[in-house]
Amino acid sequence: MTKSKDRTSDELSHSERKTLRCVVGHMIPLSLEFGVPGADDPDIFADILRSIDRDRDAIGEALRMIDTLAHGRLIDLPRTEQARCLLDFRNEHKTLAGVLEAAAARCYYRDDRVMASINMEARPPFPKGYLVEQGDWSLLDPVRARGRIFRDAN
Amino acid sequence: MSSSLDVEKDTAAMNDPVDVLIIGAGASGAAVAWSLAETKMRIVCLEQGDWTKPSDFPSTGRDWEARAMEDYAISPNRRGLPADYPVNDDASPIKIANYNGVGGGTVFYAAHFPRLHPSDFRVRSLDGVADDWPVDYHTLEPFYELNDRMMGVSSLAGDPAYPEKKAMMPPIPMGRTGKTFGTAMNHLGWHWWPSDAAILTEDYDGRAACINLGQCGSGCAQGAKGATDVTYWQEALRSRVELRTQCRVSRIETNEAGMATGVFYFDADNKEVFQPAEIVIMACNGIGTPRILLNSASERFPNGLANSSGLVGRNLMLHPYAQMRGHFDEKMDGYRGAPICTWSMEFYETDLSREFLRGYSYQFSRGIGPVRTAITGMDDGLVPWGEGHHAAFRRLFDHSAGMVSICEDLPEEINRVTLDPQRCDSNGIPAAKIDYRLSDNTRRMLDHSVSRGIEILKAAGAHTITTKAPLPYAGWHLMGTARMGTDPRRSVVNEWGRSHDVKNLFIVDGSIFVTSGGVNPTSTIQALALYIADQIKSRIYELFD
């Protein structure tokens, strides 16, 4: 399938990219404890920028809101102030925050380093598939013993 | 009488006439095409989308979860692909889901395949609400069975919530999720059973068995899921049915006698074409069908085609869902395996002590992948931003399971599909507009299902339980907008699918449902399509009387 021809392909401005990188770094930060990069890692962030086509307008709106709440530019604030500003943003603009969360999570949780840290094989589901326990249907014996439960409609 | 349409017909390209023209190649269009093929009539199906390629489906790539939210998203408004038409669902708490292409909604459905129950066809007689259907379970039973064989259904015989049904192949795996919830349901003394699923658990009819990809909802790369592009259409094409893709029908034309003469459509090159036909069959789902009928308004049919009752587009039913999920100390199935494993019909039949009429079913569902775990975790406030993100994520990932309730949506005329006065698709055809609200009965039913769902989750040992009711992005089931019935004043088609007003126009999709039941509709949609095709064949010499 091809993408719709009339969808905007405008890229984020340099300033918007800097704000977005700051936001996703706060959202999912690097962790030495778990041995994973943050969502502002260069490779992951580049993946995010490549993948926001459908959400471009909503993300632009979210970033403008954040800078407004920062009374300037988010990136110019000290880190603790940035975090406080983003908390206000999430409380006041839950839907827009959700767009940013989805954009970050879609790319972060397919990075090989992150996959390895949560014990997932770095592969697509197809063609190998997965195993699921068959189970023992004798577990249904009490349901069978209770008998019919549907209504007669005649 | 000359009309503006006659003039347009002169300017549109004209194809050779066909005996049967089917609009839409999804669940019902495929079934009716296959069934009618044995008549050797010349049959053409027009489909606005294209064939899918299994090698393109999300599960073939590392970005499988992301792609299921992009080109393979369930919302046509999110996808916005050339095959899609916009649906204005701003005035509905439930947003519309569909897929436009060969196979239609079966390309994206979970293949959870329950039938309606006998009582669903007799709601007026049994419960004093809505209307009885003009057909019953017994009438459709042979067509349910035939459809199961065509689609390839796995199940376990003996479900006490249904009349006896044959099992073709073993049910989908129980997994840790099915075992956990089954044990809980036994503890509560409530019904549960492995789901009937249009998913192969054994090789069948040239198709390979399921390998638990877990991505039924964005297309099955294995071909184990019964989507009609890999079932009915393969046989229909071998029987010389012609399927034209990227052909979007705009309206149906009629003559002085009030009979359909054919349809106008836009081909892949955006060229308008007129396709003459002796019989027109609509299979465009509960939104697409009223959209075309309303857009076919003319001097002869000023309120839209087949709409003397005024009911085209009305009585839209969507099946409100509630979702209840919990988290477990032990590892669950996660993203592996068909997402839905078992069902419960414990609260399906009317019980007046519950303070609502009719009822609902539960689908028990396995876990979700890492991307959705993170997104829903952040949305539910369970996964924070910042330092605590990683530890919180790891507590949820591969440790969740839950259920949805599917509530019977009783028909109400104020819930409807109309033509949007502003928005159009890429061919300039007006978009569909949805006006829909939940009734008090539905709200009480949703509340009940949430309470009982929490009870089940607690009995199963879950903690950190979340609920959503109604589930917003769950408008998969599109029903009731051209209902069937024997009274032309109260229905759009008769008891065998023929329009009361236009005697060579048939409807075979979910539009003709009289009531919705509380289960997924696809098996019933297809059984009805096969039944109507059978009626067409048996009445062929008196079809237009």
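Regarding the stretch A:54-62, can at least one residue be identified that is surrounded by fewer than 17 Cβ atoms within 10 Å (Cβ to Cβ), assigned to a helix (DSSP H, G or I) and within 11 Å of chain B (Cβ to nearest Cβ)? Checking the stretch A:54-62: not a single residue is surrounded by fewer than 17 Cβ atoms within 10 Å (Cβ to Cβ), assigned to a helix (DSSP H, G or I) and within 11 Å of chain B (Cβ to nearest Cβ). Against the conditions (1) in a loop (DSSP other than H, G, I, E, B); (2) at the interface with chain B (Cβ under 10 Å from one of its Cβ atoms); (3) at pLDDT 95 or above, A:THR2 satisfies every one except (3). Condition check for B:SER218 on (1) free of Cβ contacts under 8 Å to residues at least 12 places away in the same chain; (2) closer than 30 Å to A:PRO124 by Cα: one failure, at (1). Checked against the criterion of being at pLDDT 95 or above, in a loop (DSSP other than H, G, I, E, B), buried (at least 17 other Cβ atoms within 10 Å of the Cβ) and basic (Lys, Arg), the stretch B:350-358 contains one or more residues that satisfy it. Between B:ASP409, B:ASP435, B:ASP398, the distinction of being over 30 Å from A:ARG151 (Cα atoms), buried (at least 19 other Cβ atoms within 10 Å of the Cβ) and not β-branched (Val, Ile, Thr) belongs to B:ASP398 only.
Considering only the stretch B:373-397, state which residues are among the acidic types (Asp, Glu) and more than 8 Å from chain A (Cβ to nearest Cβ). Matches in the stretch B:373-397: B:ASP380 only. Of all residues in the stretch B:195-235, those satisfying the criterion of being of a type outside the set (Ser, Thr, Tyr), surrounded by fewer than 22 Cβ atoms within 10 Å (Cβ to Cβ) and assigned to a loop (DSSP other than H, G, I, E, B) are B:GLU202, B:ASP203, B:ASP205, B:GLY206, B:ALA208, B:ALA209, B:ILE211, B:GLY223. Taking the stretch B:145-187 as the range and being aliphatic (A, V, I, L, M), facing chain A (nearest Cβ under 10 Å) and buried (at least 24 other Cβ atoms within 10 Å of the Cβ) as the test, the residues that pass are B:ILE172, B:MET174, B:MET185. Flag set for B:GLU235, criterion: closer than 30 Å to B:ASP205 by Cβ and not polar (S, T, N, Q). Taken together, B:SER125, B:SER119, B:SER92 contain a single residue that is surrounded by fewer than 23 Cβ atoms within 10 Å (Cβ to Cβ) and closer than 26 Å to B:ASP435 by Cα, which is B:SER92. Exactly one residue among A:ARG151, A:ARG106 is buried (at least 19 other Cβ atoms within 10 Å of the Cβ), at the interface with chain B (Cβ under 7 Å from one of its Cβ atoms) and touching a helix residue (DSSP H, G or I) at 6+ places or on another chain (Cβ under 7 Å), and that residue is A:ARG106. Looking across the stretch B:124-138, just one residue is of a type in the set (Val, Ile, Thr) and over 21 Å from the mean Cα position of the chain (by Cα), and that is B:VAL129. From the list B:GLY367, B:GLY386, B:GLY381, the one residue that fits, being of a type outside the set (D, E, K, R), in a loop (DSSP other than H, G, I, E, B) and closer than 19 Å to B:ALA197 by Cβ, is B:GLY367. Suppose we filter the stretch B:165-194 for residues that are small (Gly, Ala, Ser), touching a Ser or Thr at 6+ places or on another chain (Cβ under 6 Å) and assigned to a loop (DSSP other than H, G, I, E, B); how many remain? Total satisfying the criteria: 1.
The values are calculated or read from the model by the stated rules, or taken from the named source; none is laboratory data. Everything numeric here is computed off the predicted structure, so don't read it as measured data. Because the Cβ atoms are built from the backbone with ideal geometry, glycine has one as well, and the counts that use them run over all protein chains shown.
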